[in-house]
Each structure stands twice: as C-alpha cells, then as structure tokens.
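Laboratory data are not the source of any read-out in this text; all were calculated from the coordinates shown. Keep in mind that what you see is a predicted model, and the values were worked out from it rather than measured. Here the Cβ is made from the backbone with ideal geometry for all residues, glycine too, and neighbour counts use every protein chain on show.
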Amino acid sequence: MKTVQKSAKKSAAKSGGFSAEERQAMKDRADELKAARRGGSKADKEAAAEQAVVDRIAEMPEPDRSLGQRLHALIKEAAPQLKAKLWYGMPAYALGDDMICHFQDAAKFKSRYPTLGFSDKAKLDDGTMWPVAFGITRLTAADEARIIALVKKAAG
C-alpha cells in the first residue's frame with residue numbers, strides 16, 4: 001500500500017500537483033492571514049509582523065541569513081514607509097495592502113540562489129520589458145546602491 005501511495009504522490013507532483021515546499025508556503029500564507037485578522041492595535045500588528053520577518057530571516061541558513069539581514073536593513077533605509085511582513089513565509093515589504101517586494105531564500109523552494117523579487121505593484125516599469133526578480137549570491141557596494149534605488153522607485 002505504501003508503494004502505491006508513494007507512486008501516487010510522485011504522479012501528482014509530475015502532473016501539476018504541489019510540492020512539499022509549495023504546500024508549506026500555502027500553509028504559511030493561511031497562518032499569516034489568520035494572524036492579520038486577530039485583534040490588537042495597528043501598531044501592535046505591525047510590530048509583530050516586523051518581528052516575524054526578523055525571526056524568519058534568523059532561521060535561514062547562511063549565507064542567505066546574512067543576505068536577508070542586509071536586504072532588510074537596506075529596504076527599511078530606502079523606503080521606511082514599507083511595512084515588513086511575511087508573505088507565503090518569505091520576508092516581504094508592503095505599502096498599505098500592496099506587496100512591493102520580497103526576499104526568497106534559496107532553501108525556500110530548493111533553488112540555486114536567493115532572489116529579491118518585485119510585484120506588479122512596484123513602480124519599476126521601464127519601457128516594454130524590465131526585470132522583476134534578481135538572483136543574489138552576495139552584495140557589493142554597487143549592488144546595495146542599485147537595490148536602494150530600485151526599492152525607492154518601487155515604493156514610488
């Protein structure tokens with residue numbers, strides 16, 4: 001029976017089923033929405049959301065943890081109006097209800113490198129085609145300056 005179950009799981013994954021990482025991300029999102037509906041002041045909710053982001057970054061393996069910590073500081077410096085919160089279990093930054101950008105560590109979906117991504121709400125439009133996600137393996141001073149400029153532009 002276990003062989004049949006394993007075979008069915010493999011078939012589901014190959015035919016468009018969700019991976020374990022995707023299912024976890026959906027569970028994380030449901031938990032985030034529940035937490036947002038709980039009582040408390042707006043300031044308390046924002047502080048709890050910020051702490052959840054800091055805690056999530058602290059859980060990341062190196063070197064993603066250091067990248068996440070530095071990105072968090074850069075984003076908060078570049079656009080203090082953005083509020084940190086988790087989004088599908090990833091550190092993200094929102095303007096009101098609009099998610100502007102997020103950091104996806106490599107382990108999240110077993111990727112080769114972490115990414116800094118921007119949503120369609122980010123004001124990064126440039127002609128008819130522009131990047132919305134950047135792979136990051138380390139941060140140079142030039143990279144940091146580019147990220148600051150992108151976040152400022154994205155937050156409008």
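Measuring r between the beta carbons of residue 123 and residue 148 and using R0 = 22 Å, the FRET efficiency lands at 0.90.
When only alpha carbons are used to place a centre, the range 61-103 and the range 31-49 end up 17 Å from one another. What the Cβ-Cβ distance of residue 29 and residue 77 gives, at R0 = 35 Å and to the nearest 0.05, is a FRET efficiency of 0.80. Taking amide H positions as modeled 1.01 Å from N, with prolines and chain starts lacking one, the residues under 5 Å from residue 119 and 5 or more places away or on another chain are 101.
Each label was represented as a point 7 Å from its Cα along the Cα-to-Cβ direction; for residue 113 and residue 132 these points are 2.0 nm apart. Projected label points at residue 62 and residue 18, each 7 Å from Cα along the beta carbon direction, are separated by 3.4 nanometres.
Taking label points 7 Å from Cα along the Cα-to-Cβ direction, residue 97 and residue 37 give a separation of 1.5 nm. Normalised by the number of residues in the chain, the average gap of Cα pairs under 8 Å and 6 or more apart makes the relative contact order 19 percent.
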